[in-house]
Each structure stands twice: as C-alpha cells, then as structure tokens.
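Heads up, the thing below is written out as structure tokens.
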Amino acid sequence: MFEIKSEIAALAARLVVQEGLEYGPAKRRAARALGAHNRKPLPGNDELEDAVWDYIAIFCAESQPVDLLALRQLALVWMERLAVFRPYLSGAVWHGTATRLSDIYLQLFCDDCKSAELALIDKRVNYLARSVTGLHGETVETLSIHAFCPDLQEEIGVHLMIYDLDDVRGALKPDSRGRPPRGDAQALRRLLAAVLS
C-alpha cells in the first residue's frame, strides 16, 4: 500500500509541476495511470507537496525560483488592485511550489459578494464566472481572468475566489504543518523582500 501511494505521489508531482494541475486532479490522474484508481486512500496533500518539492529540486532547481518570483510579483499587483476586498494569496504561489504553469489563487473577503464582480466590470476586465470547491469543501463563486506576466512574457490565470467577510477568521487557521495556508499583501511583500534583498 505504501509503495503505490508513493508512486502515485511521484507521478502526481510531475503532473503538478509539468502540467500545472491542482493536487486533487493530479492525484486522481496519477492513480488512473498506475491502475490504482479504485484503491483508497490516495496520498495526502502533505505527501504530494513533499513529492513536488523533490521533483522541483531534481528537475527545475534553476528555473522554478525565477518563475515563482514572477508569479508572486504578479499576484501582488492584483492584490493591490483589489485591496478593498481584503485579498489573500493561497495555493502553490503562496506555498512556494509554483512554476510558470501554475495559476494564481486570490481569496477575496467581501462585505457584498457581488462587489468584486462589479469592480471588474467597472475596470473593463474580462472574466469568466464559475463555481469551484472552496475553503471547507463548499462551493464558492470564482471569477477567473487572464493577466499578462511581463517577466514570464505570457498570460497567467488569476482566480478570484469570493467569500463573505466573516469567512476570513476560519481562513487563517494554520494548516496541518502549522503554516499559514494563505497570506495577505503584507505577508507577500515580506516573502518578496526576503528574496530580493
């Protein structure tokens, strides 16, 4: 059992890094590819994150830090543009495992859930509205845009997940490793300053 979970984690890590898949879809696709899609349980997110770090260290140790810096800088631009909605950065860009194929996930905590959408309309920003699985497994409205990243010279997906203002308290609880699972603009600036100093 341990061996197949490790194989799934290793293959899923490759899919996360090389194809930009999120953890859930990567684990399921890896399990299917290895003929283990009916076996439970799949590797946990912590185990997959360890495998992603291993993959990055072996195959993209030089390019990944440059990609991550560019994505974090782009995330900060959008966080500043959307500051009124109390944005928090999450996902691979926050945790440091992002590559140029990773999307940016910003969680907005709004007094009025339609206000972020109206702000994008006012700024003439094209977006696609959809629903995704959110913080605690519930469905959350998400506005997805494409933003040009000058340092990478390509379009990056930026997903704005819309939450009620009251949801911010539960969003700040540490993850299973005791780390903050997301960070605000000030926390992101500290990460950037540590790299650029």
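Taken over segment 91-124, the residue count meeting the criterion of being touching a strand residue (DSSP E or B) at 6+ places or on another chain (Cβ under 6 Å) and either small (G, A, S) or in a loop (DSSP other than H, G, I, E, B) (or both) is 4. Tell me, yes or no, whether segment 66-74 has at least one residue that is over 14 Å from H159 (Cβ atoms) and more than 15 Å from the chain's Cα centre (by Cα). Yes: one or more hits.
For segment 125-155, the tally of residues that are of a type outside the set (D, E, K, R) and assigned to a loop (DSSP other than H, G, I, E, B) stands at 10.
Looking across segment 136-181, the residues that are of a type in the set (A, V, I, L, M) and touching a Ser or Thr at 6+ places or on another chain (Cβ under 9 Å) come down to V140, I156, V158, L160, M161, I162, A171. Evaluation of L42 against the conditions (1) in the same structural domain as V158 (by TED's automatic domain parsing); (2) among the hydrophobic types (A, V, I, L, M, F, W, C); (3) part of a loop (DSSP other than H, G, I, E, B) shows that the sole unmet condition is (1). Residue pairs whose Cβ atoms lie under 6 Å apart, sitting 6 or more positions apart in sequence or on different chains, and linking a residue in segment 108-119 that is in the same structural domain as H159 (by TED's automatic domain parsing) and buried (at least 17 other Cβ atoms within 10 Å of the Cβ) to a partner that is part of a loop (DSSP other than H, G, I, E, B) and not aromatic (F, W, Y), are L108/P87; F109/R86. Listed by first and then second residue, the pairs linking a residue in segment 175-188 that is part of a loop (DSSP other than H, G, I, E, B) to a residue that is polar (S, T, N, Q), with Cβ atoms under 7 Å apart and 6 or more places separating them unless they lie on different chains, are P181/S90; R182/S90; R182/Q107. Looking across segment 26-44 at every residue that is at pLDDT below 90 and under 20 Å from D175 (Cβ atoms), the one that is surrounded by the most Cβ atoms within 10 Å (Cβ to Cβ) is identified as L42.
Would you be able to say whether some residue in segment 155-172 is exposed (fewer than 13 other Cβ atoms within 10 Å of the Cβ), farther than 14 Å from M79 by Cβ, at pLDDT 95 or above and of a type in the set (D, E)? Scanning segment 155-172 turns up at least one residue that is exposed (fewer than 13 other Cβ atoms within 10 Å of the Cβ), farther than 14 Å from M79 by Cβ, at pLDDT 95 or above and of a type in the set (D, E).
The values are calculated or read from the model by the stated rules, or taken from the named source; none is laboratory data. Model, not experiment: these values are computed from the prediction. Backbone-built Cβ (ideal geometry, glycine too); neighbour counts: all protein chains shown.
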